[in-house]
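> First the structure, then my questions, so here it is.
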Amino acid sequence: MTRTAPTGGQALPPAGAAPVPALPPAPGSGRLAATGRRARALGGILLSLALTLLGLLLVTFIIGRVMPIDPVLKVVGERATPEQYEAARQAMGLDQPLAVQFLTYIGDVLRGDFGRSISTGHPVAEDLRRVFPATLELAAMGTLIGVLAGVPLGVVAAARRGGWVDQIARVAALVGYSMPIFWLGLMGLLVFYGILGWVGGPGRQDILYDGMVPEVTRLLLIDSALAGDWGAFRDAFGHIILPASLLGYFSLAYISRMTRSFMLEQLSAEYITTARVKGLSEGRVVWGHAFRNIAVPLVTVIALSFGSLLEGSVLTEIIFSWPGIGSYITKTLLAGDMNAVLGGTIVVGVCFIGLNVLSDLLYRFLDPRAA
Amino acid sequence: MTDLSTRPASTRDWLLSDAPSTRRQARLGALYQGWLTFRANTLAMVGLVILIGLVLMAIFAPWLSPYDPVAQNLGDRLMPPSGAHWLGTDALGRDILSRIIWGSRVTLFIVGTVALISPILGLLIGTVAGFAGGWVDQVLMRITDIFLAFPKLILALALVAALGPGIFNAVLALAITGWPPYARLSRAETLAVRHADYIAAARLQGAGPARLLVGHVWPMCVSSLIVRVALDMAGIILSAAGLGFLGLGAQPPLAEWGAMISDGRTYILDHWWVAAMPGLAIFIVSLAFNLLGDGLRDVLDPKGAKE
């Protein structure tokens with residue numbers, strides 16, 4: 001989360017994964033020139049995307065290599081003869097030069113082959129396909145809550161600067177930046193599940209409904225709604241609402257601060273004065289004029305916040321026994337199952353980087369001034 | 001005119017003099033001005049007081065803690081907060097207050113080392129990139145951007161998984177994932193002063209690149225780095241606690257706040273204090289760092305101050 005981002009309070013990434021240098025205004029800025037500029041900007045973004053993804057693979061490859069556990073020994077066992085050991089080493093390609101090993105690794109990952117997990121016995125890719133939708137659903141709900149609450153909060157805080165809503169927003173953000181997310185999760189579980197009994201307990205659904213809903217999207221809320229099984233829907237909703245609100249709170253802390261500062265910038269512009277002089281109501285000035293102009297930067301902030309919730313859900317998932325990618329990574333990590341850990345890291349990393357680039361692209365292509 | 005008439009009446013006047021007569025007076029005066037600004041910020045002072053308390057707590061842990069933090073007493077396990085155990089006891093009958101007091105040492109160690117290593121690494125990379133320019137800049141900044149685009153917590157997890165759990169590896173992982181913003185910041189500051197006249201003057205005097213960097217560029221980066229570090233401290237604490245919670249930070253029986261929460265997780269529904277107390281400690285300390293950071297920003301970086 002944020003300056004402290006939703007990872008239980010870590011810094012949110014600055015906007016844009018790898019900003020491309022601003023392009024000077026072309027001399028004969030006709031339509032053609034604008035298109036050319038956009039094409040060049042797009043090329044630059046795609047190039048930096050490719051480089052960043054390559055960097056991600058290189059880092060995971062290196063992490064896989066510095067592991068103090070000998071992967072060969074893990075396969076052949078401690079009592080293998082030197083000949084057996086050598087044969088296994090060659091079969092695993094570990095006798096090749098590092099550069100060749102890295103190229104093989106890239107090839108494998110591009111084909112979606114992350115190797116086999118030693119703790120579940122399945123191919124890692126298969127495991128990830130199973131757990132990823134749970135994380136996606138949780139992060140999406142969290143972002144939804146963060147946006148629905150954070151945007152209006154930020155707008156009102158800016159419109160009535162220094163008023164009580166502004167103060168509340170400030171305190172909420174400060175507390176959000178300082179709170180360990182896993183601890184808040186535990187306390188939430190204690191209060192809303194243990195004491196009040198308002199929400200479902202840990203997990204995605206009750207055992208009662210396990211496997212009852214046909215899998216279509218693997219997002220439980222959508223699947224149960226599609227199947228018309230409202231009992232299952234209510235159950236799933238009861239389970240997701242607390243962890244999602246928690247993530248939503250951290251997303252709110254970030255989104256409301258950003259919305260507020262975007263709005264303040266707009267509200268001090270001259271066109272707002274003009275609108276007021278014309279006699280427009282304050283509501284129309286704020287929502288009809290100023291708010292419409294922050295839509296684009298806001299979309300990029302939301303995309304960034306979604307990316308950090310995907311990452312930040314790791315600790316939350318553990319608290320709520322949520323069967324997502326965060327639980328998967330930590331569980332396999334404690335078992336020393338590096339294929340699974342690195343596969344999960346790559347998937348989260350690719351989503352995170354992809355969302356960063358997407359927010360950058362959205363900004364450049366939705367806002368005519370940025371092109 | 002006698003000497004007396006020009007001598008300032010008090011230390012305060014000497015510090016606030018409009019016309020400092022020595023370099024030392026000017027420097028101390030600037031510091032004092034900053035302190036006055038900082039002191040006017042009540043919340044920042046609250047943060048400072050809490051943190052001073054934390055440091056004292058860590059230093060005097062052996063005298064402050066009422067019990068041995070690792071001594072188990074199974075007869076007194078999971079006792080609620082009471083006169084004998086102010087914050088209760090955990091599943092092994094250890095006094096939670098004592099463990100929190102001793103745990104402040106671990107927290108300060110992790111935060112202190114990470115907050116030292118990351119900015120220095122970033123300062124080195126950023127200033128070299130900004131000062132050298134050309135392909136050095138291109139390569140270094142490309143690497144920085146790549147690291148900046150990574151999900152930090154996941155990367156730290158993978159690193160600790162590979163290196164093995166432990167307090168030093170946790171520090172290393174947090175430092176490795178934490179340096180890129182500092183590199184960006186230092187590079188921006190370097191670019192701003194790179195062609196300044198005073199640099200040109202120093203160069204004409206025969207200063208080499210290393211001396212220019214260390215003696216003339218670094219000092220310009222320090223204040224914005226300090227602000228950034230202060231604002232990042234809370235994030236470092238939360239990440240470190242997260243690693244501890246996952247069992248990847250300090251190893252038992254060392255008392256670490258994140259790991260203590262993890263211990264209390266099993267008993268959360270019936271014995272809430274076991275997990276609640278260390279979490280409260282983390283919250284208070286990171287809140288204090290955030291308040292202090294905001295105050296420091298107002299003093300050291302007036303441009304970036306509140307909208």
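> At a probe radius of 1.4 Å, what is the per-residue accessible area of A:Tyr363, in Å² to the nearest 10?
We get 90 Å² for A:Tyr363.
> Starting from the Cα gyration tensor of chain A, take the square roots of the eigenvalues, sort them a ≥ b ≥ c, and report rounded, prolate or oblate (rounded when a/c is under 1.5, otherwise prolate if a/b is larger than b/c, else oblate).
Note, shape of chain A comes out oblate.
> Roughly how many whole Å is it from the C-alpha centroid of the stretch B:42-96 to that of the stretch A:264-305?
50
> Which distance in nm do the two modelled labels at B:Thr11 and B:Leu191 give, with both placed 7 Å along the Cα-to-Cβ direction?
Reported label-point gap for B:Thr11 and B:Leu191 is 4.4 nm.
> Run the 1.4 Å probe and let me know the accessible area of A:Thr217, rounded to the nearest 10 Å².
It works out to around 60 Å².
> Moving to a separate point now. For chain A, what is the relative contact order in percent, using Cα pairs closer than 8 Å and at least 6 residues apart in sequence?
Relative contact order comes out at 30 percent.
> With angles folded into 0 to 90 degrees, how steeply does helix B:273-300 sit against the dominant principal axis of chain B? Use alpha carbons for both and round to 10.
The answer is roughly 10 degrees.
> Compute the Cα gyration tensor for the stretch B:132-224, then decide on rounded, prolate or oblate, letting a ≥ b ≥ c be the square roots of its eigenvalues: rounded whenever a/c is under 1.5, prolate when a/b is larger than b/c in the other cases, and oblate in all that remain.
The shape class here is prolate.
> Considering Cα pairs under 8 angstrom that are at least six residues apart, work out the relative contact order of the stretch B:106-291 and quote it in whole percent.
Reported as a whole number, the value is 26 percent.
> In addition: Along the stretch A:32-49, what does the Karplus equation 6.51 cos²θ - 1.76 cosθ + 1.60 (θ = phi - 60°) give for ³J(HN,Hα), rounded to whole Hz, x for Gly and Pro?
4, 4, 4, 4, x, 4, 5, 4, 5, 4, 4, x, x, 5, 5, 4, 5, 4
> While we're here: Going from most exposed to least, what order do A:Thr330, B:Thr266 have by accessible area with a 1.4 Å probe?
B:Thr266, A:Thr330
> Heavy atoms only, 1.4 Å probe, whole protein assembly: order A:Cys351, B:Cys221 by accessible area, highest first.
Accessible-area ranking of A:Cys351, B:Cys221, largest first: A:Cys351, B:Cys221.
> Can you give the relative contact order of the stretch B:124-203 as a percent, counting alpha carbon pairs under 8 Å and 6+ residues apart?
Reported as a whole number, the value is 46 percent.
> Can you run phi through the Karplus equation (6.51, -1.76, 1.60; θ = phi - 60°) for the stretch A:50-55 and list ³J(HN,Hα) in whole Hz, with x for Gly and Pro?
4, 4, 5, 5, 4, x
> In whole percent, and with a 1.4 Å probe on the protein chains, what portion of the accessible area of the protein assembly as shown is carbon and sulfur?
In the protein assembly as shown, the share of accessible area belonging to carbon and sulfur is 66 percent.
> Let me ask another. Using only protein heavy atoms and a 1.4 angstrom probe, determine the accessible area buried between A and B, summed over both sides, in Å² to the nearest 100.
Approximately 4500 Å² gets buried when A meets B.
> By how many degrees, 0 to 90 and rounded to 10, does the Cα axis of helix A:164-178 deviate from the longest principal axis of chain A?
20
> Roughly how many Å² of B:Phe109 are accessible to a 1.4 Å probe, to the nearest 10?
Using a 1.4 Å probe on the heavy atoms, I get roughly 80 Å².
> Roughly how large, in nm² to one decimal, is the mean projection of the convex hull of the alpha-carbon atoms in the stretch B:35-93?
So the Cα hull casts an average projection of 5.6 nm².
> Enter the accessible area per residue of chain B (Å², integer; probe 1.4 Å; all protein chains in place).
For chain B, the solvent-accessible area averages 47 Å² per residue.
> Rg(Cα) of the protein assembly as shown divided by 2.2 N^0.38 Å?
1.04
> Could you tell me which of rounded, prolate or oblate describes chain B, using a ≥ b ≥ c as the square roots of the eigenvalues of the alpha-carbon gyration tensor, with rounded for a/c under 1.5 and, failing that, prolate when a/b is larger than b/c and oblate otherwise?
Oblate, since a/c reaches 1.5 and b/c is not below a/b.
> For the protein assembly as shown, what does the helix formula give at 222 nm: sum of -39500 (n - 2.57) over DSSP H segments with n ≥ 4, over the residue count, nearest 500 deg cm²/dmol?
-22500 deg cm²/dmol, from helical runs alone.
The values are calculated or read from the model by the stated rules, or taken from the named source; none is laboratory data. Everything quoted here is computed from the prediction, not taken from an experiment. When we count neighbours, we look across all protein chains shown, and the Cβ atoms used for this are built from the backbone with ideal geometry, even at glycine. Quick note on the areas: whole protein, heavy atoms, side chains included, nothing else; ligands and nucleic acids left out. Shrake-Rupley method; radii C 1.70, N 1.55, O 1.52, S 1.80 Å.
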